[in-house]
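The values are calculated or read from the model by the stated rules, or taken from the named source; none is laboratory data. The structure presented is a predicted model; accordingly, all values stated were derived computationally and were not measured. Reconstructed Cβ throughout: ideal geometry from the backbone, glycine too, with neighbour counts over all protein chains shown. Note: accessible area is taken over every heavy atom of the protein model, side chains too, but ligands, DNA and RNA are not part of it. Shrake-Rupley method; radii C 1.70, N 1.55, O 1.52, S 1.80 Å.
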Amino acid sequence: MELVKSEKLEKSMQELQFSVDAETFAAAVDKAFRREGKKYTIPGFRKGKAPRHTIEKMYGADVFHYDAINDLFPQAYEEAVKAAGVEPVGRPEVDVVSASLAEGVLLKVTVAVKPSVTVKDYIGLKAEKTVHTVKDEEVEAELARLQERNARMITREGKAENGDTAEIDFEGFVDGTAFEGGKGEHYNLVLGSGSFIPGFEEQVVGHAAGEEFEVNVTFPEDYQAEELKGKAAVFKIKLHEVRLKELPALDDEFAKDVSEHDTLEELRAGIRKEKQEQADKNDEIELENGLVDQLVASMEGEIPEVMYENRMDDLVRDFEYRLAQQGLKLEVYLQYVGQDMKAFREGFKEQAEKQVKIRLALEALATQEKIEVTDEDAEAELQRIADANKLELDKVKGLVNIEDVKQDLAVNKAVDLLKEKAEVTTKPAEEQPPKAE
């Protein structure tokens with residue numbers, strides 16, 4: 001392959017012209033004949049046995065040229081791209097300028113390439129960092145959640161109260177006739193949860209296990225079943241059992257049961273420490289996001305639309321993969337939410353554009369600041385990935401592209417540089433003005 005021309009066009013498009021020599025092309029044509037010639041039926045010859053010159057005489061001298069070009073193109077294109085020093089981000093449009101056994105092939109390709117962008121005024125960016133301090137109420141709220149998760153259900157002797165779980169049989173009637181979907185057996189209803197028709201749960205409160213009684217309600221005007229909207233209904237109820245939630249005592253034994261701590265105070269301290277670490281991490285991420293947004297605003301360069309389209313496709317595939325992990329197909333999910341594929345994909349557009357711009361801006365910063373990533377840096381990152389996923393290092397090396405890993409590390413270093421060079425002031429979270437509703 002010989003690169004004949006490399007020219008930048010508008011909107012980050014690139015034109016490449018490259019040639020393949022006559023000898024290489026002739027060999028490719030011969031190979032194409034030996035593979036494709038078997039498909040031709042020529043009078044006087046058994047199928048697949050006609051000589052090449054006979055097929056070319058009947059179907060044209062260039063009958064095998066395009067098969068040969070298709071065979072040669074991938075490697076020749078890859079070499080041309082490398083020689084031109086560009087990174088394609090879209091599908092190439094290919095034109096055959098000329099093709100002959102005497103002179104070889106000349107191809108012209110037009111393709112969207114990764115744009116050359118620049119960032120400026122990134123030294124000394126001003127930012128305000130909100131600092132959150134974990135409050136006692138947050139610690140106690142987490143303790144309460146731990147209590148809830150470790151509660152046990154016990155049978156209540158006596159009348160049901162709000163918050164209890166009532167195990168009931170029920171059957172609903174409108175105008176004396178049972179209606180579809182209005183019957184259930186051994187249903188566990190949390191009283192006060194608001195999961196049944198308004199007024200239903202309140203009439204179960206005060207009854208004891210073993211009782212049979214009626215509940216009178218009126219369906220809301222906006223009820224989903226058209227035939228029941230605004231209708232008065234009677235439910236016949238049989239109350240099998242009432243269970244109440246018993247919370248464990250908040251003491252040292254509780255701390256030992258739910259954690260690695262020996263005392264309740266140690267558990268409180270552990271919760272506070274964990275929450276503060278997460279708050280600090282979130283504050284740092286918020287600071288980084290603000291600085292990166294400023295960097296993106298300073299970026300100059302033409303970004304081809306195909307980069308946004310590719311990223312949208314990536315986000316759709318990621319979403320589809322996560323659904324598959326839950327045993328759900330994307331097509332079924334879209335039916336649930338009442339959305340078609342086009343609208344669903346379009347919903348990722350803003351996110352995709354932002355992510356593409358952020359990546360380009362940080363890569364540009366890394367280039368402009370000559371940020372280097374050593375082989376040792378990359379090796380350490382691969383080891384971190386291996387440890388996090390409990391894999392052998394060699395296995396990880398076989399799954400990832402080392403250059404991609406280096407590029408990711410360079411981007412991370414670019415973020416660190418932004419923070420290092422920024423003028424950051426801090427403000428306690430309590431002093432922040434309330435967010436607008």
Residues of region 252-269 classified as in a helix (DSSP H, G or I) and not charged (D, E, K, R), total: 6
Options GLU392, GLU403: the member that is within 21 Å of VAL113 (Cα to Cα) and open to solvent by 70 Å² or more (accessible area, probe 1.4 Å): GLU403
Scope region 285-304; condition without any contact (Cβ under 8 Å) to a residue 40 or more places away in the chain and either more than 18 Å from THR118 (Cα to Cα) or among the hydroxyl-bearing types (Ser, Thr, Tyr) (or both); matching residues: ILE285, ASN289
Residue list for region 211-251, restricted to those being open to solvent by 60 Å² or more (accessible area, probe 1.4 Å), outside any strand (DSSP E or B) and either in contact with a Cys (Cβ under 6 Å, 6 or more places away or on another chain) or of a type in the set (Gly, Ala, Ser) (or both): ALA249
Extreme residue, surrounded by the most Cβ atoms within 10 Å (Cβ to Cβ), among residues of region 409-432 that are closer than 22 Å to GLU87 by Cα and in contact (Cβ under 8 Å) with a residue 24 or more places away in the chain: ALA414
Checklist (1) open to solvent by 40 Å² or more (accessible area, probe 1.4 Å); (2) over 24 Å from THR155 (Cβ atoms); (3) without any contact (Cβ under 8 Å) to a residue 24 or more places away in the chain; (4) not charged (D, E, K, R) applied to GLY199, failing item: (1)
Selection from region 244-258 of residues that are farther than 12 Å from GLU148 by Cα and free of Cβ contacts under 8 Å to residues at least 40 places away in the same chain: ASP251, ASP252, GLU253, ALA255, LYS256
Matching option when the condition is of a type in the set (Asp, Glu) and either touching a Leu at 6+ places or on another chain (Cβ under 8 Å) or crowded, with 17+ Cβ neighbours inside 10 Å (or both), among GLU266, GLU288, GLU284: GLU288
Pair list, Cβ < 7 Å and 6+ apart or interchain, from region 47-75 residues that are on the phi > 0 side of the Ramachandran plot to residues that are open to solvent by 100 Å² or more (accessible area, probe 1.4 Å): GLY48/LYS38
Restricting region 166-189 to residues that are at pLDDT below 95 and β-branched (Val, Ile, Thr), the residue that is nearest to GLN224 (Cα to Cα): VAL174
Unique match (being on the phi < 0 side of the Ramachandran plot, among the hydroxyl-bearing types (Ser, Thr, Tyr) and surrounded by 13 or more Cβ atoms within 10 Å (Cβ to Cβ)) among THR155, THR165: THR165
Hey, GLU87 touching a residue at least 12 places away in the same chain (Cβ under 8 Å), farther than 30 Å from GLY270 by Cβ and out of contact with any helix residue (DSSP H, G or I) (no Cβ under 7 Å at 6 or more places or on another chain) or not: yes
Total residues in region 359-377, condition in a helix (DSSP H, G or I), acidic (Asp, Glu) and in contact (Cβ under 8 Å) with a residue 12 or more places away in the chain: 2
Some residue of region 290-299 being part of a helix (DSSP H, G or I) and in contact with a Phe, Trp or Tyr (Cβ under 8 Å, 6 or more places away or on another chain): yes
The lone exception for LYS349 - which of (1) over 30 Å from LYS135 (Cβ atoms); (2) among the charged types (D, E, K, R); (3) surrounded by 12 or more Cβ atoms within 10 Å (Cβ to Cβ); (4) more than 20 Å from the chain's Cα centre (by Cα) it fails: (4)
Count of region 357-375 residues which are surrounded by fewer than 20 Cβ atoms within 10 Å (Cβ to Cβ) and closer than 18 Å to GLU302 by Cα: 5
Residue match in region 1-19 (condition: open to solvent by less than 100 Å² (accessible area, probe 1.4 Å), out of contact with any Gly (no Cβ under 6 Å at 6 or more places or on another chain) and assigned to a loop (DSSP other than H, G, I, E, B)): yes
Single unsatisfied condition, GLY327 versus (1) part of a helix (DSSP H, G or I); (2) over 20 Å from ALA297 (Cβ atoms): (1)
Looking only at region 20-35, and only at residues there that are open to solvent by less than 30 Å² (accessible area, probe 1.4 Å) and within 47 Å of the chain's Cα centre (by Cα), the one that is nearest to TYR77 (Cα to Cα): VAL20
Filtered residues of region 108-166 (kept if closer than 30 Å to ARG359 by Cβ, of a type in the set (S, T, N, Q) and over 30 Å from the mean Cα position of the chain (by Cα)): THR110
Failed item in (1) free of Cβ contacts under 8 Å to residues at least 24 places away in the same chain; (2) more than 44 Å from the chain's Cα centre (by Cα), with LYS8 passing the rest: (2)
Qualifying position, being at pLDDT 95 or above and within 22 Å of VAL89 (Cβ to Cβ), among LEU16, LEU9: LEU16
Among (1) at negative phi; (2) free of Cβ contacts under 8 Å to residues at least 40 places away in the same chain, the one test that VAL356 misses: (2)
